[in-house]
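Working notes, beginning with the structure itself.
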């Protein structure tokens, strides 16, 4: 079976994790600090704060952005459910806005119509590894006195113009889940230009403690921490960070291979009727966390079954959060036509560093056969 993805990890990551285990310091320590510094340096952000995963990163970033009970937050419905969940966890209401039909990202032209006096922040999502139109979103946010909390879960290494994602928004949240370009098993990261917010994020992720375990250990002095506000246990372990440090050294090579494979898909799909390849707008570099194709309406289930029969994994593209049972009960009758069309007709094909050209050819051949069969039935 050709998997939908496969983490690019090996002996070096295993050795680094083993060294962390044998060091005697397993929780948040020097390796986490080093990982934070590596990510901040890579994206060009002044501060980076590691967390247990991207959902907790989003939750903390929203709190640091001042989001709370009674507030509203603009976000797309076309995303993984964690985007909206984090807003609810912060006590606020997600206000879903439709997407651009070509990029599948939040449509800036629809944002202002959704603003109310209760709106506190905007959460654009860099869908499938392509940065949203952050300059346009940021301009709207500044005009209305809002903050931008960018859900960049799949887009470490993506760029907008000359800047990397992570240095563009008030807060940017990354994921290191195994489906992402680089992984720590689980893990998240918040980048921000705001030193005061970064300090607060570090306190909040560790129960609200005024000083960290590492700081108290290093001081060698009697130092009792204080707890001035309600915090959480959202820490990253040094084992995860050790893997992350190795992965950061390989990130550019992994991204280059993913992009090579993605553009090979795009080149071949140009001759295949019925499959629309993802777009990459001028000035934006796509990380291709996944390879998302759009199929003729009503054919996806058949194509997925055909691929599975050929030994090829696939996944539905991205959910429409507002159609999931929990959120449908909160917002009955909501209609987002672009989101609903994309959620119904998109499909993720296998793509990962280490995928061979032969494996990719098998995917393309099976997809072509299925589409021809679907067209003949229609």
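Of the conditions (1) surrounded by 21 or more Cβ atoms within 10 Å (Cβ to Cβ); (2) touching a residue at least 60 places away in the same chain (Cβ under 8 Å), residue 90 clears all except one; give me its number.
For residue 90, the exception is condition (2).
Looking at segment 69-78, which of its residues are outside any strand (DSSP E or B), touching a residue at least 40 places away in the same chain (Cβ under 8 Å) and surrounded by fewer than 24 Cβ atoms within 10 Å (Cβ to Cβ)?
70, 71
If you check residue 49 against the conditions, is it more than 18 Å from the chain's Cα centre (by Cα), under 29 Å from residue 288 (Cα atoms) and either not in a helix (DSSP H, G or I) or not assigned by TED's automatic domain parsing to the domain that holds residue 175 (or both)?
no
Given segment 131-198, what strands (runs of 3 or more DSSP E) lie entirely inside it while holding 2 or more residues that are touching a helix residue (DSSP H, G or I) at 6+ places or on another chain (Cβ under 7 Å) and modelled with pLDDT under 95?
Numbers: elements: 147-151, 171-175, 188-192.
Because the criterion is at least 2 residues that are touching a helix residue (DSSP H, G or I) at 6+ places or on another chain (Cβ under 7 Å) and modelled with pLDDT under 95, no strands (runs of 3 or more DSSP E) in segment 131-198 meet it.
Considering every residue within segment 359-374, establish whether at least one is touching a strand residue (DSSP E or B) at 6+ places or on another chain (Cβ under 8 Å), in a helix (DSSP H, G or I), closer than 27 Å to residue 97 by Cα and not assigned by TED's automatic domain parsing to the domain that holds residue 79.
No.
Is there a residue in segment 276-294 that is in contact with a helix residue (DSSP H, G or I) (Cβ under 8 Å, 6 or more places away or on another chain), surrounded by fewer than 18 Cβ atoms within 10 Å (Cβ to Cβ) and touching a residue at least 60 places away in the same chain (Cβ under 8 Å)?
no
From the set of residues in segment 238-258 that are over 19 Å from residue 33 (Cβ atoms) and within 17 Å of the chain's Cα centre (by Cα), which is surrounded by the fewest Cβ atoms within 10 Å (Cβ to Cβ)? Can you show your working first?
Here is the first cut: in segment 238-258, the ones over 19 Å from residue 33 (Cβ atoms) are 250, 252-258.
This time we only want the ones that are within 17 Å of the chain's Cα centre (by Cα), so: 254-255, 258.
On the way: 254: 19, 255: 21, 258: 24.
Result: 254.
Looking only at segment 85-96, which residues are assigned to a strand (DSSP E or B) and within 18 Å of the chain's Cα centre (by Cα)?
Passing the criteria: 94, 96.
Touching a residue at least 60 places away in the same chain (Cβ under 8 Å), under 14 Å from residue 275 (Cα atoms) and touching a strand residue (DSSP E or B) at 6+ places or on another chain (Cβ under 8 Å): does that describe residue 318? It would help to see each step written out before you state the result.
On the way: touching a residue at least 60 places away in the same chain (Cβ under 8 Å): yes; under 14 Å from residue 275 (Cα atoms): no; touching a strand residue (DSSP E or B) at 6+ places or on another chain (Cβ under 8 Å): yes.
For residue 318, the condition - touching a residue at least 60 places away in the same chain (Cβ under 8 Å), under 14 Å from residue 275 (Cα atoms) and touching a strand residue (DSSP E or B) at 6+ places or on another chain (Cβ under 8 Å) - is not met.
The values are calculated or read from the model by the stated rules, or taken from the named source; none is laboratory data. A quick note: this is a predicted structure, and the numbers were derived from the prediction, not measured. As a convention, Cβ positions derive from the backbone with ideal geometry for all residues, glycine included, and neighbour counts pool all protein chains shown.
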